[in-house]
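Structure first, then comments.
The values are calculated or read from the model by the stated rules, or taken from the named source; none is laboratory data. Small disclaimer: the values here were computed from a predicted structure and weren't measured. Ideal geometry is used to build each Cβ from the backbone, glycine not excepted, and the neighbour counts take in all protein chains shown. When the accessible area is computed, the model is the full protein with side chains, heavy atoms only, and any ligands, DNA or RNA have been set aside. Shrake-Rupley method; radii C 1.70, N 1.55, O 1.52, S 1.80 Å.
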Amino acid sequence: MPGETIYRGHSDKVFAVAWSPDGRYIASGSRDKTVHIWDAVTGTSLCIYRGHTNCLLSVDWSPGGKQLASGCTDGVVQIWHAFTGDNIFIYRGHTRFVRSVAWSPDGRYIASGGDYGDSTVQVWEAATGNHVYTYEKQYRVFAARWSPGGPSSSPGRGPRIASASFDGTVHVWDAFNGQHALIYSEHSGPVYALAWSPENRHIVSVGDDTLVRVWDAATGKTVAIYEGHTAPVKAVGWSANAQYIASGGNDAVILVRDSSTGNLVCKYSGHATWVRTLGWSPDGTYIASASDDTVHVWPVGAYSFV
């Protein structure tokens with residue numbers, strides 16, 4: 001891939017970005033009520049999904065790369081074919097504000113998180129929309145993420161979901177029954193985003209307190225606390241090789257740290273306003289990040305301090 005690419009196809013603020021599993025495409029969801037799929041190298045628009053009637057808040061690719069899930073402020077999640085835009089079905093289990101959607105690693109289920117006016121995480125079958133379980137123990141859910149498909153830090157247990165909320169907590173719970181909940185409450189304000197480490201043992205969470213916290217997903221013990229941001233942090237991501245953590249927020253910068261040492265290895269200052277969302281390319285060499293109505297795709301190495 002070449003250097004930095006800026007996608008300018010949206011007409012309003014972009015709140016969600018997601019890379020296709022093969023790293024060739026990016027899906028971006030906007031307040032302009034559309035999801036765009038575009039080439040990550042050239043920025044060429046390939047498909048515009050117009051099935052939503054309200055602001056897009058979340059988007060995620062299926063593990064197979066053929067379908068997308070997208071959620072908006074009216075409380076619906078829509079499943080659709082990635083390159084034709086054909087709708088498959090609409091899930092209507094939420095009241096409003098679907099802030100987060102995530103496919104399970106095996107592609108069989110979706111976890112969707114409801115923000116203001118809803119406050120639930122709902123697990124349902126991706127192929128049918130059949131409801132499986134609703135988790136109702138947090139206030140205003142900003143992020144819900146499945147544990148990766150690798151070895152579990154809790155042997156003998158099934159998949160888990162970590163959910164972050166306005167109440168300042170992250171809950172980690174069994175995906176299909178809500179049992180064995182671990183509550184991480186070390187943040188001093190709302191928690192806006194989280195990510196699992198690829199090896200399934202740690203979680204990084206960020207929020208209003210401007211801190212990047214790394215902690216043990218099985219015990220809740222804090223492993224590291226990183227400073228550096230000067231305003232609330234709204235987005236965080238772990239590179240697929242587990243080497244780096246990227247975080248961005250209201251200070252309009254993205255900081256990339258070595259996940260082992262905490263050393264700052266990269267700072268991206270290309271955005272003019274606060275960063276709403278970010279995502280690593282599958283090969284860990286690029287980051288897609290959104291601010292205002294643009295999405296920037298940039299090579300991490302080009303902004304390295306080392």
- prompt: Name the residues in segment 233-250 that are buried (at least 17 other Cβ atoms within 10 Å of the Cβ) and not hydrophobic (A, V, I, L, M, F, W, C), would you?
  reply: 234, 237, 239, 244, 247, 248, 249, 250
- prompt: From the list 253, 223, 300, 295, which one is open to solvent by less than 10 Å² (accessible area, probe 1.4 Å) and either among the β-branched types (Val, Ile, Thr) or under 21 Å from residue 15 (Cα atoms) (or both)?
  reply: 295
task: Filter segment 55-81 for residues that are acidic (Asp, Glu) and either under 22 Å from residue 235 (Cβ atoms) or surrounded by 20 or more Cβ atoms within 10 Å (Cβ to Cβ) (or both) and give the result.
output: 60
- prompt: Which number in (1) polar (S, T, N, Q); (2) part of a loop (DSSP other than H, G, I, E, B); (3) under 22 Å from residue 162 (Cβ atoms) marks the one condition that residue 58 misses?
  reply: (2)
query: Within segment 24-33, is there a residue that is of a type in the set (S, T, N, Q) and open to solvent by 10 Å² or more (accessible area, probe 1.4 Å)?
result: no
task: Run down 49, 133 and say which single residue is touching a residue at least 12 places away in the same chain (Cβ under 8 Å) and either among the basic types (Lys, Arg) or open to solvent by 20 Å² or more (accessible area, probe 1.4 Å) (or both).
output: 133
query: Can you pull out the residues in segment 61-72 that are touching a Pro at 6+ places or on another chain (Cβ under 8 Å) and in a strand (DSSP E or B)?
result: 61
Enumeration of residues in segment 96-106 that are open to solvent by 30 Å² or more (accessible area, probe 1.4 Å) and hydrophobic (A, V, I, L, M, F, W, C): 97
- prompt: Among (1) farther than 18 Å from residue 27 by Cβ; (2) in contact (Cβ under 8 Å) with a residue 24 or more places away in the chain, where does residue 79 come up short?
  reply: (1)
Filtered residue count, segment 144-159, keeping only those that are among the hydroxyl-bearing types (Ser, Thr, Tyr) and at pLDDT 55 or above: 2
- request: Taking residue 200 as meeting all but one of (1) out of contact with any strand residue (DSSP E or B) (no Cβ under 7 Å at 6 or more places or on another chain); (2) open to solvent by 40 Å² or more (accessible area, probe 1.4 Å); (3) polar (S, T, N, Q), write down the number of the exception.
  value: (2)
Residue among 210, 230 that is buried (at least 17 other Cβ atoms within 10 Å of the Cβ), among the polar types (S, T, N, Q) and in contact (Cβ under 8 Å) with a residue 12 or more places away in the chain: 210
task: Determine which single condition residue 158 fails, assuming it passes every other condition in (1) touching a residue at least 24 places away in the same chain (Cβ under 8 Å); (2) over 22 Å from residue 55 (Cα atoms).
output: (1)
task: Could you grab me the full set of residues in segment 173-196 that are closer than 19 Å to residue 106 by Cβ and open to solvent by less than 10 Å² (accessible area, probe 1.4 Å)?
output: 173, 175
field: From 93, 85, residue being more than 18 Å from the chain's Cα centre (by Cα) and open to solvent by 30 Å² or more (accessible area, probe 1.4 Å)
entry: 93
task: Provide a single number: the residues in segment 280-292 that are open to solvent by 10 Å² or more (accessible area, probe 1.4 Å) and within 16 Å of residue 35 (Cα to Cα).
output: 1
query: Quick check, is residue 264 aliphatic (A, V, I, L, M), farther than 22 Å from residue 101 by Cβ and open to solvent by 20 Å² or more (accessible area, probe 1.4 Å)?
result: yes
task: Give the residues of segment 73-82 that are in a loop (DSSP other than H, G, I, E, B) and more than 19 Å from the chain's Cα centre (by Cα), sorted by residue number.
output: 74
message: residue 225 - would you say it is in contact (Cβ under 8 Å) with a residue 24 or more places away in the chain, assigned to a strand (DSSP E or B) and either in contact with a strand residue (DSSP E or B) (Cβ under 8 Å, 6 or more places away or on another chain) or of a type in the set (Gly, Ala, Ser) (or both)?
response: no
